[in-house]
1. Residues of segment 75-93 with amide nitrogen under 20 Å from the 7 Å Cα-to-Cβ point of L103?
2. Write out the GluC sites (Glu not before Pro) in segment 17-75 meeting two conditions: DSSP loop, and at most 10 other Cβ atoms within 10 Å of their Cβ.
3. Pop out the carbon and sulfur fraction of the accessible area of segment 12-68 as a percent, whole number, probe 1.4 Å.
4. Could you pull the accessible area for T71 with a 1.4 Å probe, rounded to 10 Å²?
5. Given 0.36 nm per residue, what is the gain on full extension from Q84 to I33 after removing their alpha carbon distance, in nm?
6. How large is the dipole of segment 17-108 about the Cα centre if only Lys and Arg carry +1 and Asp and Glu carry -1, each at its Cβ, rounded to the nearest 20 debye?
7. For the full complex of protein chains and a 1.4 angstrom probe, list Y51, Y57, Y99 by accessible area with the highest value first.
8. Among the listed pairs K58/K101; K63/K93; K65/K98; K43/K92, give every one whose C-alpha distance is greater than 24 Å.
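The values are calculated or read from the model by the stated rules, or taken from the named source; none is laboratory data. Source: prediction; values computed, not measured. FYI the Cβ positions are ideal-geometry reconstructions off the backbone, even for glycines, and counts take in every protein chain you see. Quick note on the areas: whole protein, heavy atoms, side chains included, nothing else; ligands and nucleic acids left out. Shrake-Rupley method; radii C 1.70, N 1.55, O 1.52, S 1.80 Å.
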Amino acid sequence: AEMASRLSENRLVSLPLSRIRVIMKSSPEVSSINQDALFLTAKATELFVQYLASYSYKHGRGKEKNALTYTDLSHTAEECETFQFLADILPKKILASKYLKMLEKEKQDGEVGEGDEEDEEEEDEDEA
């Protein structure tokens, strides 16, 4: 009966439970994982990813092309308060040349003086 229950749970969630278990066990605070907690974490993660994708699609430019783009996702992480915790994980894409110029400018600003601390913080946020 328990095996049948697990098979039906697996059909209710798209993400592989074995991978979710590995990720959960990677936390030092976790010693054991209840099967129900594993299933609920997997389902919640799946629903969150669906919400992020649909929100990004609806509010992004990809809708014009009938596609969800990385830019749509990074814009959502940057602009929507709900998803701002993902800004480091989904940074805006910038050209390497632009990034190198930003690093050079920061280096020069750091050598000249420390009077522009607010500007440097804003630049750091833009890089993320």
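1. Backbone N within reach: 88-93.
2. Working: sites: E29, E46, E64; in loops: E29.
Qualifying residues, ordered by number: E29.
3. Details: 2420 of 4190 Å².
Roughly 58 percent of what the probe reaches on segment 12-68 is carbon or sulfur.
4. Roll a 1.4 Å probe over it and T71 shows about 80 Å².
5. Numbers: separation 51, 0.36 × 51 = 18.36 nm, distance 2.88 nm.
Contour length minus Cα-Cα distance gives 15.5 nm.
6. Details: 14 positive and 11 negative charges, 83 e Å.
Using Cβ point charges on Lys, Arg, Asp and Glu, segment 17-108 gives about 400 debye.
7. Working: Y51 115, Y57 65, Y99 90 Å².
Sorted by accessible area, descending: Y51, Y99, Y57.
8. Details: K58/K101 34 Å; K63/K93 19 Å; K65/K98 27 Å; K43/K92 28 Å.
Flagged as over cut-off: K58/K101; K65/K98; K43/K92.
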